[in-house]
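Everything below concerns the one structure shown next.
The values are calculated or read from the model by the stated rules, or taken from the named source; none is laboratory data. On a predicted model such as this, the values are computed, not experimentally measured, just so you know. All Cβ positions, even for glycine, are placed from backbone atoms using ideal geometry, and neighbour counts span all protein chains on display. The protein model used for the area step is the full one, side chains on, heavy atoms only, and it has no ligands, DNA or RNA in it. Shrake-Rupley method; radii C 1.70, N 1.55, O 1.52, S 1.80 Å.
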Amino acid sequence: MKRSLTLTVICLFATIAMAQTKVKDHVEVVYFHGKQRCVTCMAIEKHAREVVEKDFAKEKKNGKVVFKIVDISTAEGGKTAKDYRVSWSSLFVNGWKDGKEKRNDMTQFAFKNARKNTDEFKRGVGDKIKEMMK
């Protein structure tokens, strides 16, 4: 009993310390998808990933730019989707500064450009990442 209580207290202090730790300034490119994905949905993921991995390779390596994929059909992904208020494939480019998140929903832009205007899509995602890094 005493050991269990000690472990609980240690876990509680660790949780509090993590909550008080500032989130490092960075940019997140977050792609949401469900179980079934159309060609455009797959193009959004593919080209957004390419932008992050090719144009921001150095920033990705040092944690300044992060690419996340969230499957909204899973329990954990569903919770994240609920927080973002998304219910289908979506793309966000979010900036984190001083522990505060600024969300940018780029879903309409992504669906408009990812398949048929790939260069514009990549340029737009890259420009938003640069804007959020300032």
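Flag not set for Val23, criterion: modelled with pLDDT of 95 or more and of a type in the set (A, V, I, L, M, F, W, C).
Based on this model, can you work out whether His47 counts as of a type outside the set (A, V, I, L, M, F, W, C), under 19 Å from Arg103 (Cβ atoms) and open to solvent by less than 30 Å² (accessible area, probe 1.4 Å)? So His47 fails the test. Are any of the residues in segment 73-86 within 19 Å of Lys134 (Cβ to Cβ) and in contact with a strand residue (DSSP E or B) (Cβ under 6 Å, 6 or more places away or on another chain)? Looking through segment 73-86, none of the residues is within 19 Å of Lys134 (Cβ to Cβ) and in contact with a strand residue (DSSP E or B) (Cβ under 6 Å, 6 or more places away or on another chain). If only residues of segment 88-105 that are part of a loop (DSSP other than H, G, I, E, B) and out of contact with any strand residue (DSSP E or B) (no Cβ under 9 Å at 6 or more places or on another chain) are counted, the one that is least open to solvent (accessible area, probe 1.4 Å) is Gly99. Scanning for something within 27 Å of Lys24 (Cα to Cα), of a type outside the set (Gly, Ala, Ser), in a loop (DSSP other than H, G, I, E, B) and open to solvent by 20 Å² or more (accessible area, probe 1.4 Å), does segment 118-134 turn up at least one residue? Looking for residues that are within 27 Å of Lys24 (Cα to Cα), of a type outside the set (Gly, Ala, Ser), in a loop (DSSP other than H, G, I, E, B) and open to solvent by 20 Å² or more (accessible area, probe 1.4 Å), one finds at least one in segment 118-134, hence yes. Scanning segment 106-114 turns up no residue that is assigned to a strand (DSSP E or B), in contact (Cβ under 8 Å) with a residue 12 or more places away in the chain and either surrounded by 12 or more Cβ atoms within 10 Å (Cβ to Cβ) or within 12 Å of the chain's Cα centre (by Cα) (or both).
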